[in-house]
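Structure first, commentary second.
The values are calculated or read from the model by the stated rules, or taken from the named source; none is laboratory data. Not measured: the values here are computed from a predicted model. Using ideal geometry, Cβ is built from the backbone for each residue, glycine included, and neighbour counts are taken over all protein chains shown.
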Amino acid sequence: MVFWIGILTGAILAGFAVKKGFYETWAMSFNLVISIYLAVFLTPVITDIVPAAGNTPYGNTLTMLATAIAAFLILYGISYTFLTGQFSVSFPKILDTVGAGFLGFWAGFLIWSFVSLLICASPLSQNAFAERIGFDNPQTSISYISWWGNLVNTIVSSQDSDVTSEQVIAELLKSVERKKPGRPKPAEPTVAVEPDEVETGIPEEELLGPPPEADVEGF
């Protein structure tokens, strides 16, 4: 169900993107990708510098969310000041509709994938309702974020770096116990044991005692 909610979110944002046009949708999608990339890769660094940020059950989730929001606001302010707020670029009608809708759809799916990751990195993923929806193992959402993260990583990281998005996300999810506590095993039925079936390790002769002496009187 997580996957279909992502499809619905993408469709909603696609309709919004068609109204905005390709130019503004491209700027918004770029800001989203970079913001989520920074949120994923900077969270381990922040929690190492400020251990209190990751010691709580919701530490990684709140750190990622705060980093993503801060990065998006900064990038949006820069893009609006120097690009979208200063001039507009006209594109062919088909690109302003189909192209913008395509970018908007994948941007919406990326937003929902990031929300899924936030829930998975918190104790909310252990809730019974969340597990029924599919938050216990949203592989599609995590793979989608990882794909974008690895794409950006190949551009901005050094060639010597071999850290992948999958490794960083797996490290973030380690703080959450993803397995339910095991159910107590049912008590084994008690079987009544007759006294003569008890194994004592003592020879039967010693256990029963010496045989009674025969009465020899009268012979």
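From the list Leu38, Leu73, Leu103, Leu13, which residue is in a helix (DSSP H, G or I) and surrounded by fewer than 19 Cβ atoms within 10 Å (Cβ to Cβ)?
Leu73
Condition check ((1) under 22 Å from Ile69 (Cβ atoms); (2) under 11 Å from the mean Cα position of the chain (by Cα)) across all residues:
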position	(1), (2)
Trp112	yes, no
Ser125	yes, yes
Phe129	no, no
Tyr144	yes, no
Ser157	no, no
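From the list Phe87, Phe135, pick out the single residue that is at pLDDT below 90, surrounded by 18 or more Cβ atoms within 10 Å (Cβ to Cβ) and not in a helix (DSSP H, G or I).
Phe135 is the lone residue from the list that is at pLDDT below 90, surrounded by 18 or more Cβ atoms within 10 Å (Cβ to Cβ) and not in a helix (DSSP H, G or I).
Is at least one residue of region 184-191 β-branched (Val, Ile, Thr), farther than 20 Å from Thr9 by Cβ and modelled with pLDDT under 70?
Yes, because at least one residue in region 184-191 is β-branched (Val, Ile, Thr), farther than 20 Å from Thr9 by Cβ and modelled with pLDDT under 70.
Does region 47-57 contain at least one residue that is part of a loop (DSSP other than H, G, I, E, B) and among the hydrophobic types (A, V, I, L, M, F, W, C)?
yes
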